[in-house]
Amino acid sequence: MKIRPETAMMSYGYKATLSEGAVKCPLFLTSTFVFNSAEEGKDFFTMAYGKEPSQQREMGLIYSRINNPDIEILEERLKLWDKGEEAAAFSSGMSAISTTLMSFLKPGDCILYSNPLYGGTHSYIHFFLAEWGIRAIGFQATDSEESIRQKIGDAGHKLKMIFIETPANPTNDLVDIRLCADIAASYSTDEKKVLLAVDNTYMGPLWSHPLEHGADIVLYSATKYIGGHSDVIAGAAVGGKTVMAQIKKARTFFGTIIDPHTAWLLMRSLETLKLRMEGAASNASLVVDWLQQHPLVEKVYYLGLNKTELMGRQYSSNGAMVSFDIRGGEREAFQFLNALTHIRLAVSLGGTESLAEHPYTMTHAGVPLEEKQRLGITDKMIRLSIGIEHAEDIIADLGSAFRAVSGQ
């Protein structure tokens, strides 16, 4: 019987008979695993390096930098929402992104990326990759296909990857995944496939499935909705077998694999993912309705206000991420943030608790000033990650902070 992902999260990939009948997967805090024979050990290492073993075997456990029971079961479950063939878990969202990019890019290559990006990704592309001789070309969600192709220009024969984050952080701009997949295909040849990687952190694995729209790789900061409790740092990648085999091979050498304890915690979190995300999205809708009526709010950035064909095609929810411009500038934004009492002044997103931050000076502090201004990331913007508290309590805290700004 075929079951839905939220049901599969309770047991998929786990055999209780291998763990003394434990209902939940135990935590395997071991660095290394015993082989039954030298021949078995040889074959496991042969398979770990992507080659055929001397006889037909299932891949076994070697060393927790390569594989581990908790990590393998987590990866089996991570691929379900996105309907991917394989998944890989990482020590952080940035390790998932950096390992993926370094798996396929080399000096002389070109990467096309959407703007805005999370500040850490932006800095990685512009500083680290640039030092390796990898050229970066940016485009905005509002750019036409013709405009994007003009920006690629003569660099087209060196284009190796398109990297997009959609919805964009922190503006909620939407990038057309199918359009980017078509552009990637048009620059691919028999000798070189241009890959499309999508950072799907803002929508988690529940509300958007980029592989269905032509993406090759889906990336997550699993710290966010997948973890969901602000108590782990983790990342994930999902895709086809061939692509993921190369990423996992690089992960082994870079040592960016997730640790068993974090993997075990994420298995716990996956069981409540749907409930948490739906609760947060419901709250966000009510918060946005209230924000739109407030006299100190100049503009709200929220997917539910984007009634387009693209929105309906790519997403099944409006999400729980909301940004808004407060009337004034940094002074008023800081007054508002400092006056919050329940909503925490902190970066990150996707946790059970509501968070607020100032992208201009925090998450996107490393983005050049001119670029931030062009992208609409100003000193009056505040980003909210709406949690699963009672919506009226969230709104009451926002109202109190606004009163502090107005001096009431």
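Values quoted throughout were computed directly from the atomic coordinates according to the rules given, and no laboratory measurement underlies them. Note that the structure is a prediction, hence the values are computed from the model and not measured. Note: ideal-geometry Cβ built from the backbone for every residue, glycine included; neighbour counts use all protein chains shown.
Once you sort the root eigenvalues of the Cα gyration tensor of the chain as a ≥ b ≥ c, which label holds: rounded (a/c under 1.5), prolate (a/b larger than b/c) or oblate (the other case)?
Cα axes put the chain in the oblate bin.
Let me know the charge dipole size of the range 137-195 about its Cα centre in debye, to the nearest 20, where only the beta-carbon of Lys, Arg (+1) and Asp, Glu (-1) is charged.
Around 220 debye, computed over the range 137-195.
Stokes-Einstein D for the range 274-406 at 37 °C, 0.692 mPa s, Kirkwood Rh over Cα pairs, in µm²/s?
Here the translational diffusion coefficient equals 218 µm²/s.
How about residue 151: which lysines have a C-alpha closer than 18 Å to its C-alpha, ignoring those fewer than 8 places off in the same chain?
Counting by Cα, and skipping residues close in sequence, residue 151 has these lysines nearby: 160.
Tell me which lysines have Cα within less than 24 Å of residue 79's Cα, excluding those fewer than 8 residues away on the same chain?
Residue 79 reaches 2, 15, 24, 51, 193, 224, 241, 248, 249, 274.
What's the angle, to the nearest 10 degrees (0 to 90), between helix 93-104's Cα axis and the longest principal axis of the chain?
So the helix axis and the longest Cα principal axis differ by about 60 degrees.
Over the range 267-408, what is the relative contact order in whole percent, taking alpha-carbon pairs under 8 Å and six or more residues apart?
About 29 percent, as a whole number.
If you average over every viewing direction, what projected area does the convex hull of the Cα atoms of the range 284-352 give, in nm²?
Over all viewing directions, the range 284-352 projects a mean Cα-hull area of 5.7 nm².
Compute the separation of the alpha-carbon centres of the range 380-394 and the range 167-187 and state it in Å as a whole number.
The two parts, judged by their Cα centres, are 27 Å apart.
Report, in degrees rounded to the nearest 10, the 0 to 90 angle that the Cα long axis of helix 273-291 makes with the longest principal axis of the chain.
With rounding to tens, the tilt is 10 degrees.
Angle check, please: helix 38-48 long axis (alpha carbons) against the longest principal axis of the chain (alpha carbons), in degrees 0 to 90, nearest 10.
The angle comes out at about 40 degrees.
Report the charge-dipole magnitude of the chain in Debye, nearest 20, computed about the Cα centre from +1 at each Lys and Arg Cβ and -1 at each Asp and Glu Cβ.
Result for the chain is approximately 340 debye, rounded to the nearest 20.
For the range 294-338 and the range 18-73, write down the distance between their C-alpha centroids in whole Å.
Cα centres, the range 294-338 to the range 18-73: 47 Å.
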